[in-house]
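Engineer: Structure provided below as structure tokens; questions to follow.
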Amino acid sequence: NVEIKNAQKLSEIKIRVSGIDESKLFLDGGRQSYAKDILTITREKVDASSGINKKLPVYVSSFLKPSALIQSNDPQIRAQLEKIINPDDSPKQKAEKIINWVYRNMEKKPALSVPNALEVLKNRSGDCNEHTILAVALLRAAGIPAQSEAGLVYLRGRFYYHAWCVLYLDQWITADAVFNQFPADVTHIRLIRGETAEQLGIMGVIGKIRLDVVEQKK
């Protein structure tokens, strides 16, 4: 309903959401709050002190483990990680370097297959899903809990389907390896968090959701 200018400079956005069953989505939590059809998204603050507590909650630490599609313990993933970060980098520096490396080293083109991190590392090409799964694998290999998220992002006057990652440095922080954003701007609307199975839940939203921007804050 309005044009969003300089999205990366916004600290907060409020959007009225309609046309969908929000009970099946992950609209509320972390940087997003959802009440009475109004979704408020606040950009996270990341500073040099942002780190990883040695006593991570069990739920968070589980996202350090490899999975079938995110082979974060594979020697090839770990070998590439050693070329990206330095051992004495802070957690924030490691996260920034990984997001930036994926952004700079991936050819951006559409892909139709279900990605896995090892194949993406080999092929170095793909869309937002490939960028995300490789970033998540490298982050986990670096000792930073990370997950995939999917939803919508604003680009050239419209909202489009998109995927990105969320990583844990004292709090969950969104990061986008396609646009090299850490943290990601507030037009990233999370609908689903999780791997391929969880992301199927977004299918019921396509073509139905309506978004009306209510407020933008710099």
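Engineer: Residue check: is Gln216 over 17 Å from Ala7 (Cβ atoms) and in a strand (DSSP E or B)?
Structural biologist: It is false that Gln216 is over 17 Å from Ala7 (Cβ atoms) and in a strand (DSSP E or B).
Engineer: Further, regarding this structure: Among the residues of segment 13-25 satisfying the criterion of being open to solvent by less than 70 Å² (accessible area, probe 1.4 Å) and part of a loop (DSSP other than H, G, I, E, B), which is farthest from Arg210 (Cα to Cα)?
Structural biologist: The extreme case among them is Leu25.
Engineer: If you don't mind, there's one more thing I want to ask. Name, by its number, the condition in (1) under 25 Å from Val213 (Cβ atoms); (2) touching a Phe, Trp or Tyr at 6+ places or on another chain (Cβ under 6 Å) that does not hold for Gly157.
Structural biologist: (2)
Engineer: Checking the structure you have, find out if any residue of segment 168-175 is open to solvent by 10 Å² or more (accessible area, probe 1.4 Å), in contact with a Phe, Trp or Tyr (Cβ under 9 Å, 6 or more places away or on another chain) and modelled with pLDDT of 95 or more.
Structural biologist: Within segment 168-175, one or more residues are open to solvent by 10 Å² or more (accessible area, probe 1.4 Å), in contact with a Phe, Trp or Tyr (Cβ under 9 Å, 6 or more places away or on another chain) and modelled with pLDDT of 95 or more.
Engineer: Of the conditions (1) without any contact (Cβ under 8 Å) to a residue 60 or more places away in the chain; (2) within 21 Å of Gln181 (Cβ to Cβ), Pro87 fails just one. Which one is it?
Structural biologist: Tallying (1) without any contact (Cβ under 8 Å) to a residue 60 or more places away in the chain; (2) within 21 Å of Gln181 (Cβ to Cβ), Pro87 fails exactly one: (2).
Engineer: Another question, then. Return only the number of the condition from (1) open to solvent by 10 Å² or more (accessible area, probe 1.4 Å); (2) closer than 21 Å to Lys24 by Cα; (3) of a type in the set (Ser, Thr, Tyr) that Thr187 does not satisfy.
Structural biologist: (1)
Each row is one residue, and each column tells you yes or no for (1) touching a Gly at 6+ places or on another chain (Cβ under 6 Å); (2) within 30 Å of Val205 (Cβ to Cβ).
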residue	(1), (2)
Pro57	no, yes
Glu82	no, no
Ala95	no, yes
Arg104	no, no
Ala111	yes, yes
Leu138	no, yes
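Engineer: Is one or more of the residues making up segment 140-152 farther than 26 Å from Lys55 by Cα and open to solvent by 10 Å² or more (accessible area, probe 1.4 Å)?
Structural biologist: Yes, segment 140-152 contains a residue that is farther than 26 Å from Lys55 by Cα and open to solvent by 10 Å² or more (accessible area, probe 1.4 Å).
The values are calculated or read from the model by the stated rules, or taken from the named source; none is laboratory data. Note that the coordinates shown come from a computational prediction; the quantities given were computed from them, not determined experimentally. Neighbour counts are summed over all protein chains in view; Cβ atoms, including those assigned to glycine, are modelled from backbone coordinates with ideal geometry. SASA here: full protein model, heavy atoms, side chains in, ligands and nucleic acids out. Shrake-Rupley method; radii C 1.70, N 1.55, O 1.52, S 1.80 Å.
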